[in-house]
Amino acid sequence: MITVHTNSDGALIEVELSGEVTSKDYSETLVPAIEAALAEHDTVRLLAVVQPEFKGYDLGAAWADTKLGLSHWRGFDRIAVAADQGWVQTSIRLAAPILPCPVQVFELSELEAARRWMRESLGAIHVIDLGGPCVQVSLLGKLDPEEYGRAELDLDNLLEDKEGFRLLVDLREFDGWQGLTALASHFQLVRKHVGLLDRAAIVGDKAWQHLAQRAAGHILGTRTQFFPSDDIENAKSWLAAG
């Protein structure tokens, strides 16, 4: 059996699995809940609470589970599973590397921690005044759109008294975006202030980050330069010079 609970805005779905789960449980309970949530949100977060009496799936439910994953492959922002059964935990951990979103496994005794992980952002943006016209924006972890909203306010306040600025983008601990909505928010944050931007330095190690610097030069319409992670002080000096 599957029981579904949704939070107030509908973007977080908590499901309880007990007894034997059938294809009817999927078609009449879980699938409609997920599709209703995706009609209102770009992505949803799913918390599965596996009760001790859970016996597994029948064959129809196993096929329904596969179809659900394939049809909504990009629809999940985050998945957590709270379960005490070793075989359930092992199955989720084996599947996690091929899933397109962060996945975490918890014991049933850690249910509140699982709920907290579902609500929290996996990343953060720090906006730092380096003095003069120089501003550092550090991207940490895996970012969701809400973090960009907070960073936009910080950047607005910092640039309020500046006639122009030079930007250091620190990607040393950046793991990427949680879906296309967060990616779009990233470029919106940058473009809003592009008219004030004099030059930009990008610091990181990954090959895609170096390629991002080249793309940023075209997007931002200003001079940009890439620096490896251990060269961040030179990046700051390059921004401050001239």
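The values are calculated or read from the model by the stated rules, or taken from the named source; none is laboratory data. Here the structure is a predicted model, which is why all the values come from computation and not from measurement. Here Cβ is always computed from backbone atoms with ideal geometry, including for glycine, and neighbour counts include all displayed protein chains. All accessible areas refer to the heavy atoms of the entire protein, side chains included, with ligands and DNA or RNA removed. Shrake-Rupley method; radii C 1.70, N 1.55, O 1.52, S 1.80 Å.
Assorted remarks:
- Trp238 accessible area, assembled protein chains, probe 1.4 Å, Å²: 40
- Projecting label points 7 angstrom from Cα along Cα→Cβ for Leu158 and Glu40 puts them 3.5 nm apart.
- Candidate cross-link partners of Lys192 among the aspartates and glutamates, defined by an alpha-carbon separation under 20 Å and a same-chain spacing of 8 or more, comprise Asp129, Asp144, Glu146, Glu147, Glu152, Asp154, Asp156, Glu160, Asp161, Glu163, Asp170.
- Solvent accessible area, Å² - His126, 1.4 Å probe, full protein context: 90
- Sorting Ser138, Ser109 by accessible area puts them as Ser109, Ser138; the probe is 1.4 Å, largest comes first, and only protein heavy atoms count.
- In the complete set of protein chains, residue-level accessible area for Thr43 is approximately 40 Å², probe 1.4 angstrom.
- Backbone amide hydrogens, once placed in the peptide plane, bring Leu168 within less than 5 Å of Val135, Gln136, Val137, Ala201, excluding anything fewer than 5 places away on its chain.
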